[in-house]
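Taken together, the values in this text are just the output of simple stated rules run on the coordinates, not laboratory data. Computed from a prediction, not measured in an experiment: that's the story for all the values here. Cβ sites come from the backbone with ideal geometry, for glycine too, and all protein chains shown count toward neighbours.
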Amino acid sequence: MSEQEISIYLKDVCLSYEKTILTDVNLQIAKGEFVYLIGKTGAGKSTLLRSLYADVPIISGEGKVCGFNLKNISKKNVPLLRRKLGIVFQDMQLLNDRTVFDNLSFVLKATGTKDKTKIKEQVIESLSNVGLENKADDYPFNLSEGEMQRIVLARATVNNPELIIADEPTGNLDPITSDEIVKLLLKINKEKKTTILMATHDYLVINNFRNRVISCENGKIIE
């Protein structure tokens, strides 16, 4: 597989964060793939994900994400890497003092988009993709858990990222809402050809929507 066809490339990588240590991590994820990341709490899933957006440094080995070298990435290039990513956190991290529209437009402004017309178009398109274009003027605290997670997905895709990193996006949701969120991720994956790496404990989701699975076990990454 050529470098242009790979979203995530890790070779002999060692990572350490707090008490978590991952060693000899070898992983390739092609552009357009949908991959589940599983493992017990504390096994290193979040550490691995955080390394992919340069929040946890690589101690040794080689790592590339969306063409950026993680081993020697400079501080000024970290924002450029993150412009190519959409990140979905379990705790959502929505700004409750801003409307849904402002939560999404904030991302575009932070990544350098200044054209107000373009910002409006991209925000409405992203909200439409998750079926919530009528919630643009609402505040997050007025939404249900499922609606908030869909807003988080809209925020993660508003800048048309190459890669979505989703850390337990269904962790706090009921089974029906969980299925809706995963269906949305699969739709984004299929229609936009966006690479998706999703950490999850939800084996019902994995069984219902089968895709490649990798696991954090005993400080290693196993297929």
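Dipole of the chain (Lys/Arg Cβ +1, Asp/Glu Cβ -1, origin at the Cα centre): which of 185, 14, 128 lies farthest to the positive side?
The residue sitting most towards the positive pole is 14.
For segment 38-51, in order, what is each residue's ³J(HN,Hα) by Karplus, 6.51 cos²θ - 1.76 cosθ + 1.60 with θ = phi - 60°, in whole Hz (x at glycine and Pro)?
Residue by residue, segment 38-51 yields 10, x, 5, 4, x, 7, x, 4, 5, 4, 4, 4, 5, 5 Hz.
Can you sort 200, 47 from fewest to most other Cβ atoms within 10 Å of each residue's own Cβ?
Details: 200 23, 47 20.
Ordered from fewest to most neighbouring Cβ atoms within 10 Å, 200, 47 come out as 47, 200.
Given 19/45; 45/220; 40/220; 75/220; 19/40; 114/190, which pairs have Cα atoms separated by over 18 Å?
On the way: 19/45 13 Å; 45/220 10 Å; 40/220 12 Å; 75/220 28 Å; 19/40 14 Å; 114/190 29 Å.
Listed pairs above 18 Å: 75/220; 114/190.
How far is the Cα center of segment 5-80 from the Cα center of segment 175-223, in Å?
Centre-to-centre distance over Cα atoms comes out at 17 Å.
Running a GNM on the chain with Cα contacts under 10 Å, which residue among 76, 114, 187 ends up with the highest mean-square fluctuation?
Maximum fluctuation in the GNM of the chain, among the listed residues, is at 76.
For the chain, restrict the atom set to alpha-carbon positions and state the Rg and Dmax in Å.
17.1, 50
What length, rounded to one decimal in nm, is gained on full extension from residue 206 through to residue 115, with 0.36 nm per residue of separation minus their alpha-carbon distance?
Details: separation 91, 0.36 × 91 = 32.76 nm, distance 4.00 nm.
28.8 nm is the gain from fully extending residue 206 to residue 115.
Just to check I understand the Karplus step: with θ = phi - 60° and J = 6.51 cos²θ - 1.76 cosθ + 1.60, what whole-Hz values come out for segment 178-192, glycine and proline as x?
4, 4, 4, 5, 5, 4, 5, 4, 5, 5, 4, 4, 6, 7, 9
Points 7 angstrom from Cα along the Cβ direction at residue 89 and residue 217: gap in nanometres?
3.1 nm
Tell me, what ³J(HN,Hα) does each residue in segment 92-97 have, in order and in whole Hz, if you take phi through Karplus 6.51 cos²θ - 1.76 cosθ + 1.60 with θ = phi - 60° and put x for Gly and Pro?
Listing the rounded values in order: 6, 6, 7, 8, 6, 8 Hz.
Quick query: amide H of residue 7 versus all other amide H atoms, modeled in the peptide plane; which residues come in under 5 Å with a sequence gap of 5 or more or a different chain?
Result for residue 7 returns 29, 30, 31.
Name the aspartates and glutamates eligible as straight-distance cross-link partners of residue 193: C-alpha to C-alpha under 14 Å, and not fewer than 8 places from it in the same chain.
Output for residue 193: 5, 33, 162.
Less than 13 Å apart at the alpha-carbon level, and either on another chain or at least 8 residues along: which aspartates and glutamates does that give for residue 120?
Within the straight-line cut-off, residue 120 pairs with 102, 133, 137.
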